[in-house]
Amino acid sequence: MILLKQTALLSVLLGTAAAARAAVQVDVDVNVKHSVGGISTFDREKFVTVHASHTTGDMDAVVMDDFINGRDVYFGRDTGYIGWYSKNQIEEDPAKPGWSLVSGSTYSIVTQGANSRNSYNSQTWRHAYEPRAASDIMCAQFAPFWPGSATMRGGWSFSSADTAAEPFGSASGDHMGNFLNNFYGTAANGYVGRPLPVYVEVLNEPDYPLFDSSSDPMYGTSTWEELFDYHNTVANRIRSHNPDVKIGGFCPSHPDLATSDFEEWSERYKLFLDRCVTNMDFFSIHIYDIYDDNSEDGPHIKKGSNLEATFDMIEQYSALLDGEPLPFVVSEYGGRDRDLESYSWRPLLWTAERDWVAIKSINSMLMSFADRPHLIFKAIPFIMLKEEWAADGGTYAHSWRLFRKENEPESYTGDWVYTDYIKFYDLWKNVRGTRVHIVTDDPDVQVDAYVNSNQLFVVLNNLNETPAPVDLSLFGNIGNAVQTVVEKNLYWDGTGTVLDETIHAGNPGQVQLRAEGAAVLEYSFAEPVLVDETADEVKYYASTNFLPIVSGQANVFSINGVGKGSFGEGILRLGAGRNTLLSRQPVVLFNGTALDVSADFMGHEGDGRDDFMGQLNIPVPYELIQSNNTVEITYPDAGGYISSLSLRVFTFSSDIHAARENSIPVDYASVVGNSFILGFTNGPQNGFFSLLSKTNLTAAGWSTNRTALPIDETGRGAVTNSLAHTAEFFRLVECEVPEGVLTALFDWSDFGGAWWSDGYGYVETDNGISLVHGGRAAAHENGNAFKASYSQDEIDGTFTVNIGGVNRQFVVTSIDISASTDAVPQGEPLVRGMLNGVEQWSIDPVDNGNFQTYTTVTAGDLSLVIDEIIWSAPYDPDGSVLTWNNRIDNLAVKIAP
């Protein structure tokens with residue numbers, strides 16, 4: 001919809017720029033609030049975080065203000081506080097071996113806790129950042145909290161007893177509970193000290209030392225059952241001291257559920273949920289993309305489809321066990337390329353490429369986390385600060401740092417400066433507000449959108465390793481002009497991470513996403529955006545999961561208790577893990593009706609692993625969805641498992657699809673005198689459209705100014721109309737194909753006369769449409785139109801179209817032109833389309849004397865409606881220098897009677 005005045009074009013609100021090649025289509029319903037689980041806002045406290053605490057010594061007050069306040073970042077996780085004090089400052093209780101001393105000594109929990117809290121209390125400048133740390137995570141490192149993993153002050157370690165009175169892990173859990181109550185500010189101590197964390201992780205990555213790292217001294221010393229029972233014991237002991245914190249586990253380092261035909265799922269994840277789901281407040285997990293091929297089976301890429309399938313499998317199974325899915329804390333996530341690291345986990349000095357490897361994964365994974373905000377308590381990219389404890393001063397330093405020495409990687413010297421990680425935060429710096437409905441037609445481009453007052457934030461992320469042009473269309477902002485758009489584009493240019501910023505005067509229409517790049521578009525409207533419609537999402541899980549795939553045999557699922565309204569849409573989410581040589585495109589019946597199943601997964605479709613686990617999004621027609629639903633899934637070959645199945649149901653407050661499906665986004669507009677031109681490039685091919693208008697947006701209904709206007713085979717169309725009012729609103733909509741729509745192809749094959757005597761004024765007819773030759777345009781016996789070059793050919797040739805003698809407007813869809821000057825002294829070949837005497841388009845043909853087909857023009861738009869063609873060609877006033885090569889053939893037109 002656009003608003004035009006007689007003197008000026010004020011704005012174009014719906015736009016999609018022409019694509020040089022096939023583009024991804026993204027539609028944003030700016031007035032439709034998208035909520036899931038009661039959450040409809042972008043929670044920066046959850047998603048824009050750093051792996052650090054506000055008590056860090058790596059930032060002074062100036063730097064913390066610049067980074068935290070300047071970029072609206074929240075603190076996330078502390079793994080060192082409890083670990084350092086517990087290992088170095090707390091003695092064993094002499095009356096209870098293997099248990100920490102709670103009170104009665106300088107090195108007791110009570111005394112050391114008071115000292116720490118008082119020290120924090122004196123650092124008053126940090127207190128202003130407490131709201132930024134209000135949902136922090138306290139995590140216990142594997143050592144020293146796993147019994148026998150390390151010794152503490154005086155050489156003691158936590159008790160490994162496992163009896164009915166003292167279940168395994170009791171001493172560790174009791175210590176953690178006492179630590180929380182004494183090292184943090186609570187009601188009991190007058191809130192002196194740092195704020196109590198909201199989340200507690202029982203252990204950090206216990207799977208690695210116990211089961212995955214054969215070089216670790218603790219490798220092979222325990223069982224999964226013992227580890228998970230330890231979780232329950234620790235949780236119970238913590239709650240006996242502090243019932244308010246949320247407790248979770250088991251914090252695995254590199255989930256790969258489909259490994260060895262889902263052995264990892266069964267041994268680890270399923271077992272953990274079976275034993276612990278009712279005692280955990282959240283599932284803690286770490287997700288990393290591994291880009292190198294140093295593993296036996298090469299790179300492990302999780303972003304996109306694999307991550308979605310992983311989360312869906314855990315969600316569904318926990319929901320089957322406990323009625324609701326267990327929420328997640330993603331306390332570390334990112335990307336690694338170990339070819340850019342050395343010294344095992346101790347890396348080389350800083351490199352820009354290593355930053356980019358992580359950044360591209362962080363953006364991708366964040367899009368998945370933000371898509372399930374009701375199930376994510378917190379998500380923290382593994383971006384730490386200076387981490388000088390991991391540096392040797394010249395050879396290596398921590399890989400995942402927000403700060404580096406200025407002269408890295410040449411030397412570990414110079415002032416501290418930001419690494420390229422800061423560009424991730426700069427990209428997301430302003431994103432906030434109410435989530436609104438947005439869709440993409442390509443799963444490889446992730447999308448999200450938020451409205452905040454008069455601003456709209458559109459977030460795009462490219463999962464592919466090739467660039468992706470994206471066509472953006474906005475719906476639901478009638479009467480509210482886009483004033484400016486700030487486009488932020490993040491990508492790798494071969495030497496570093498680049499964050500470009502471009503300011504557009506209006507909707508840019510198309511965005512060029514670079515390979516694995518991301519973009520945020522910040523729209524500013526003239527007025528606050530009215531969000532007056534809703535799209536409420538509910539995810540329903542099938543009553544069974546993890547079924548083996550048998551060749552040609554349907555796996556049957558039930559998805560029951562589904563609620564729906566009058567309007568909406570459904571997406572079936574199918575997760576499966578199979579050998580990479582097997583089919584990934586099943587036949588799916590939903591309540592007996594076959595669905596259209598695309599084999600296009602989100603992002604990568606297989607890395608170095610023999611098994612591929614991914615998740616497909618399959619559209620379900622809303623009318624097929626019932627309260628109780630049956631889904632049948634059949635693969636053509638045997639092997640692997642269907643890992644999860646769920647149905648996302650969106651209930652709309654009105655038929656938002658109708659407006660989107662019928663509206664045609666305007667790409668360009670101009671005003672010429674008292675007329676205007678509106679054009680578009682992505683309409684329905686070979687369809688028709690109408691021009692609607694109203695002078696008052698509060699008035700009911702739209703008036704039809706013009707209808708049955710043609711759209712060409714490429715989806716291009718345009719209309720010219722007069723301006724009748726001081727201010728008027730216009731809208732382009734698709735319309736039905738009118739009865740009697742006519743096309744014609746003029747090829748002059750029926751002309752049998754001589755051009756000089758019979759060709760001028762000739763009428764060529766095809767399909768009831770007549771083409772009238774005027775001026776110095778003649779039909780030629782060679783089967784084309786001809787323009788001579790005598791002195792009288794200074795006069796242009798013309799063509800008009802009529803039906804039954806009544807002139808009609810028409811659209812040229814194609815035209816063959818031969819042009820030549822051949823040293824003729826005056827004039828140039830030119831073909832122009834006119835409407836009411838105003839040029840709509842022009843073709844400056846190739847000057848070589850050979851026919852060439854034109855479906856595009858030099859200036860203007862060939863899809864515009866016209867009422868006359870004007871044909872200019874060279875001429876010689878003396879008539880001595882002539883050319884015979886200016887001709888027209890195969891003139892194709894479309895007209896709606």
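The values are calculated or read from the model by the stated rules, or taken from the named source; none is laboratory data. Not measured: the values here are computed from a predicted model. Counting neighbours? That spans all protein chains shown, and the Cβs are built from the backbone with ideal geometry, glycine included. We work out accessible area using only protein heavy atoms, side chains counted, and drop any ligands, DNA or RNA first. Shrake-Rupley method; radii C 1.70, N 1.55, O 1.52, S 1.80 Å.
Quick look at the values:
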{"read-out": "Yes/no for residue 415 being surrounded by fewer than 18 Cβ atoms within 10 Å (Cβ to Cβ), among the acidic types (Asp, Glu) and without any contact (Cβ under 8 Å) to a residue 24 or more places away in the chain", "value": "yes"}
{"read-out": "Condition met for residue 268 (touching an Asp or Glu at 6+ places or on another chain (Cβ under 8 Å), among the basic types (Lys, Arg) and either without any contact (Cβ under 8 Å) to a residue 24 or more places away in the chain or not assigned by the TED database to the domain that holds residue 207 (or both))", "value": "yes"}
{"read-out": "Residue, surrounded by the most Cβ atoms within 10 Å (Cβ to Cβ), within the stretch 513-527, restricted to residues that are at pLDDT below 95 and of a type outside the set (Asp, Glu)", "value": "525"}
{"read-out": "Residue check for residue 164: in a helix (DSSP H, G or I), open to solvent by 20 Å² or more (accessible area, probe 1.4 Å), of a type in the set (A, V, I, L, M) and farther than 30 Å from residue 47 by Cβ", "value": "no"}
{"read-out": "Leading residue by the ranking (modelled with the lowest pLDDT) among those in the stretch 473-497 that are open to solvent by 40 Å² or more (accessible area, probe 1.4 Å) and assigned to a strand (DSSP E or B)", "value": "483"}
{"read-out": "Which listed residue, of 71, 117, is under 39 Å from the mean Cα position of the chain (by Cα) and either modelled with pLDDT of 95 or more or not assigned by the TED database to the domain that holds residue 166 (or both)", "value": "71"}
{"read-out": "Residue that is modelled with the highest pLDDT [pool: residues in the stretch 856-876 that are more than 17 Å from residue 820 (Cα to Cα) and not β-branched (Val, Ile, Thr)]", "value": "868"}
{"read-out": "Every residue from the stretch 815-864 that is among the acidic types (Asp, Glu) and either open to solvent by 60 Å² or more (accessible area, probe 1.4 Å) or in contact with a Gly (Cβ under 8 Å, 6 or more places away or on another chain) (or both)", "value": "822, 828, 839, 844, 847, 861"}
{"read-out": "Flag if residue 82 is open to solvent by less than 40 Å² (accessible area, probe 1.4 Å) and either touching a helix residue (DSSP H, G or I) at 6+ places or on another chain (Cβ under 7 Å) or closer than 30 Å to residue 325 by Cα (or both)", "value": "yes"}
{"read-out": "Qualifying residue in the stretch 377-386 (condition: within 23 Å of residue 499 (Cβ to Cβ) and among the small types (Gly, Ala, Ser))", "value": "yes"}
{"read-out": "Residue check for residue 250: over 26 Å from residue 177 (Cα atoms), in contact with a helix residue (DSSP H, G or I) (Cβ under 9 Å, 6 or more places away or on another chain), open to solvent by less than 10 Å² (accessible area, probe 1.4 Å) and among the aromatic types (Phe, Trp, Tyr)", "value": "no"}
{"read-out": "Conditions (1) under 21 Å from the mean Cα position of the chain (by Cα); (2) open to solvent by less than 30 Å² (accessible area, probe 1.4 Å); (3) at pLDDT below 95: number failed by residue 574", "value": "(3)"}
{"read-out": "Sole exception among (1) buried (at least 23 other Cβ atoms within 10 Å of the Cβ); (2) in contact (Cβ under 8 Å) with a residue 60 or more places away in the chain; (3) of a type outside the set (D, E, K, R) for residue 227, by number", "value": "(2)"}
{"read-out": "Residue count for the stretch 586-619, restricted to those that are modelled with pLDDT of 95 or more, open to solvent by 30 Å² or more (accessible area, probe 1.4 Å) and not in a strand (DSSP E or B)", "value": "3"}
{"read-out": "Test for residue 748: is it surrounded by 20 or more Cβ atoms within 10 Å (Cβ to Cβ) and either assigned by the TED database to the domain that holds residue 873 or under 30 Å from residue 885 (Cβ atoms) (or both)", "value": "yes"}
{"read-out": "Verdict on residue 500 being within 26 Å of residue 731 (Cα to Cα) and assigned to a strand (DSSP E or B)", "value": "no"}
{"read-out": "Those residues of the stretch 688-702 which are touching a strand residue (DSSP E or B) at 6+ places or on another chain (Cβ under 7 Å), open to solvent by less than 70 Å² (accessible area, probe 1.4 Å) and modelled with pLDDT under 80, in sequence order", "value": "694, 697, 702"}
{"read-out": "Every pair of residues 6+ apart whose Cβ atoms lie under 9 Å, when the first sits in the stretch 426-438 and is within 17 Å of residue 30 (Cβ to Cβ) and open to solvent by 20 Å² or more (accessible area, probe 1.4 Å) while the second is part of a loop (DSSP other than H, G, I, E, B) and polar (S, T, N, Q)", "value": "434/40"}
{"read-out": "Any helices (runs of 4 or more DSSP H) falling wholly within the stretch 222-326 and containing at least 3 residues that are under 27 Å from the mean Cα position of the chain (by Cα)", "value": "305-322"}
